[in-house]
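**Q** Input: one structure, supplied below.
Nothing in this text is a laboratory measurement; each read-out follows from the coordinates by a stated rule. On a predicted model such as this, the values are computed, not experimentally measured, just so you know. Ideal geometry is used to build each Cβ from the backbone, glycine not excepted, and the neighbour counts take in all protein chains shown.
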Amino acid sequence: MAKGRINLSDKRLMLPLILIVALSIGISLYYLWGGRGKEEEGLRPVPKETRVLPPAEIAGTEVGTGWSTKQNPAEAVSEALQMALEGKRDRVPDLLIVFPSSGSDLKGVLSSIREVLGKKPMVFGGTSDSRAVMTNRGFVHVAKRAYEQPSKEEGRGLALMTVKSKDITFGVGSANFADYPSPREASKAAALAAIIKAGKSPSDRPNMVLVAPTLGTEEEVVEGIEEVVGRNTPILGGTVGGPQLAVFGENEVFEKGLSLAAIYTNLPIGWAFEGGFDTTPAHSGIVTRVDGQAIQEIDHQPALNVYNRWLDGKIDRLFEEVKERGSWLSGLGRLRWE
């Protein structure tokens, strides 16, 4: 029996999504139950508010984004990089953040990146959901249903971000869980590798850590990273998408593992959490029984009953709707694009 405090208003449990200049390239996007979405194929710009620093503060940094829906990995990488690097002074970035849709040829993508850019750029990322990838311009829809193996006729998506900066130092690390006794030990090794790659010592705490783990290991991964960087360093990212999950290493792809980037800078940094769920007024209880990552009891009561009480009977009302319709077609979430 495992015990711990759960608080719906505690956002440290959430692993926010972002990066410098609002990393909106989509880390799986949590479309795990989506099949019924109303998105149209192609791009859909999403309005957003962004704080823009004065030019003098960011003159030493160039950021580019690109995407492709080509199935051939070499063609997809070429198209996305051409878009991201258009007009850039330096055509070889320091950091490349890459998210192909699940079902893509990740080894082919990584090989093509190395063929075009060489070994210098550090690579961070992994699979997005099979249905789509996200860019700073909008949602790139490539398959009909979320979290299902796309057919040969359906598309593949690739989104990437390039960063070149004299004011930011990057280091990347990765780990194959099969090579370590636990995900926690693997994440410690990846964090140390990223710090060393950045030319720093373990005592030099990064300003931010980006992480993309495969499903079911998130808590252990965060605990392992915290052992290296402490609890005051923001750990940002999210679980990679499926159903075929994978993450990038420097020169290989892992089906069970993590990709990690450590960031050092004197520039201002910020982050935000964005998801498909609304927050509720603060409620708390003691988790008294779990099964893996599933909470089964809170305060020795069935968790569903407790959540229903916290939500003023909303779950009961949803079950009544299910009985009337005879099926439940979607998860508990909000449609973000109408």
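**Q** Quickly work out the E252-to-N305 label distance, labels modelled 7 Å from Cα along the C-beta direction, and quote it in nm with one decimal.
**A** 5.0 nm
**Q** Among H283, H141, what is the fewest-to-most ranking by other Cβ atoms within 10 Å?
**A** H283, H141
**Q** Take the alpha-carbon centre of the range 263-323, take the same for the range 173-223, and report the distance between them in whole Å.
**A** What the calculation gives is 27 Å, centre to centre.
**Q** Provide, in order from the shortest bin, the percent of all Cα-Cα pairs of the range 221-321 in each 5 Å bin, continuing until the bin that contains the maximum pair distance.
**A** P(r) over the range 221-321, rounded to whole percents: 2, 8, 12, 13, 16, 16, 14, 9, 6, 2, 0.
**Q** Give me the one-decimal nm value for the distance between modelled label points at W271 and V290, 7 Å along each residue's Cα-to-Cβ direction.
**A** Here the answer is 2.0 nm between the modelled labels.
**Q** Quick one: which residues, 5 or more positions from G241 or on another chain, have an amide H under 5 Å from its amide H? H modelled 1.01 Å from N in the peptide plane, none for Pro or chain starts.
**A** Under 5 Å from the amide H of G241 lie the amide H atoms of S28, T127, S128, D129, each far enough along the sequence or on another chain.
**Q** So for T127, T69, fewest C-beta neighbours within 10 Å to most, what's the order?
**A** Taking fewest neighbouring Cβ atoms as first place, the list is T69, T127.
**Q** Could you check the simple spin-label distance between K144 and Q82, using points 7 Å along Cα→Cβ, in nm with one decimal?
**A** Taking the simple label geometry, K144 and Q82 are separated by 3.1 nm.
**Q** Over the range 178-241, calculate the relative contact order: mean separation of alpha carbon pairs under 8 Å at least 6 apart, over the residue count, as a percent.
**A** Values: 72 pairs, mean separation 27.4, N = 64.
The value is 43 percent.
**Q** Taking the Cβ of each residue in W271, W67, W310 as the centre, tally the other Cβ atoms inside 10 Å and list the residues starting with the fewest.
**A** Fewest-to-most ranking of W271, W67, W310: W271, W310, W67.
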